[in-house]
1. Under a plain spin-label model, where a point goes 7 Å from the Cα along Cα-to-Cβ, how far apart in nm are residue 161 and residue 32?
2. In percent, how large is the relative contact order of the chain, given Cα pairs closer than 8 Å and 6 or more residues apart?
3. Which FRET efficiency value, to the nearest 0.05, is calculated for residue 169 and residue 241 with the Förster distance at 22 angstrom and r the Cβ-Cβ distance?
4. For a bin width of 5 Å, list the pair-distance distribution of the chain built from all Cα-Cα distances, rounded to whole %.
5. Roughly speaking, what is the centre-to-centre gap between the stretch 141-180 and the stretch 40-60 when only Cα atoms are used, to the nearest Å?
6. For the stretch 150-264, list log₁₀ I(q)/I(0) at each q in 0.15, 0.22 Å⁻¹, using the Debye formula over Cα point scatterers of equal strength and ignoring solvent, two decimals each.
7. Compute the long axis of helix 4-24 from its Cα atoms, compare it with the longest principal axis of the Cα atoms of the chain, and write down the angle in degrees, 0 to 90, nearest 10.
8. With charges set only on the Cβ (+1 for Lys and Arg, -1 for Asp and Glu), what does the dipole of the stretch 1-85 come to about its Cα centre, in debye to the nearest 20?
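Values quoted throughout were computed directly from the atomic coordinates according to the rules given, and no laboratory measurement underlies them. Keep in mind it's a predicted model, so treat the numbers as computed, not measured. Cβ sites come from the backbone with ideal geometry, for glycine too, and all protein chains shown count toward neighbours.
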Amino acid sequence: MREYNDLVKLAERAAVRAADYLRTAVRPAVHTWTEKSQHDFVTEVDRAAEGIIAEVILRDAPESVIVGEELSPQRVAQGELVWIVDPLDGTTNFLHGYPQYAVSVGCVADGKLVAGVVHDVCRKRTYTATRGGGAFEEDTRLSISAVTDPPRALIGTGFPFKALNQLHVYLAQFAAVTGAASGIRRAGAAALDLVDVAAGRLDGFWELQLAPWDIAAGALLIREAGGIVTRADGAADVLSSAGDGSIVAGNAALHKWLIDLIRKS
């Protein structure tokens with residue numbers, strides 16, 4: 001098996017190449033947008049970015065299995081080396097020119113999440129993590145927030161826009177967190193929300209329905225920065241197909257508080 005550092009360097013090369021393309025891509029005209037499901041758009045830009053990532057990875061690691069949001073979402077994530085890819089996390093933001101979107105590449109080796117890269121396209125910042133090796137922005141090590149008092153906490157979230165049947169559940173949770181924390185933020189790109197938790201800019205995060213490619217790299221970043229990431233039921237395997245797509249993240253104290261609060265709500 002390849003060294004984890006080699007894997008994260010490969011993920012970084014692929015993510016940066018895709019991000020370079022996204023920065024030069026012309027935003028598609030609105031009549032060309034395709035809705036995969038309600039409120040969930042995809043364009044030729046997303047597909048081209050994923051193609052670039054696959055090309056870079058397969059050139060250096062041809063034994064890889066790539067599970068990508070746009071070109072291979074139904075592919076079974078099995079094999080010694082599996083890459084979980086979101087070529088454009090925050091597509092709606094990109095389409096509207098809202099500067100909050102990213103490329104996310106996570107790597108699973110022998111069933112373990114071992115490398116992750118999130119590249120913030122608009123700010124040109126790269127975040128990397130390796131299993132047991134820490135999480136970094138360039139050469140600066142990331143550390144989870146030290147805030148443990150909920151009234152002082154800033155919490156990130158994402159709306160269940162693809163599962164409106166869960167909206168009533170989410171709104172009850174939103175009300176409970178709003179009443180207990182100092183504030184809530186929702187910027188529309190889960191990979192960057194998780195980066196903000198890893199970097200201590202957000203003290204916690206929760207969302208009800210995310211796909212593995214939304215969270216693979218970000219989950220490793222948080223864990224390697226000293227945080228905790230689980231599903232809403234407390235299970236640690238956030239990438240499992242048996243899960244519901246929920247995620248709760250933060251330091252030990254705020255993760256416990258947040259998970260207890262949303263369960264009660």
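1. Output for this residue pair reads 2.0 nm.
2. Numbers: 608 pairs, mean separation 45.4, N = 265.
Value for the chain: 17 percent.
3. Details: r = 21 Å, r/R0 = 0.98.
Approximately 0.55, to the nearest 0.05.
4. Using 5 Å bins, I get a P(r) of 1, 6, 14, 19, 20, 17, 13, 7, 3, 0, 0 for the chain.
5. Answer, in whole Å: 31.
6. Reported log10 I(q)/I(0), two decimals: -0.54, -1.29.
7. 80
8. On the way: 10 positive and 15 negative charges, 37 e Å.
In debye, rounded to 20, the stretch 1-85 gives about 180.
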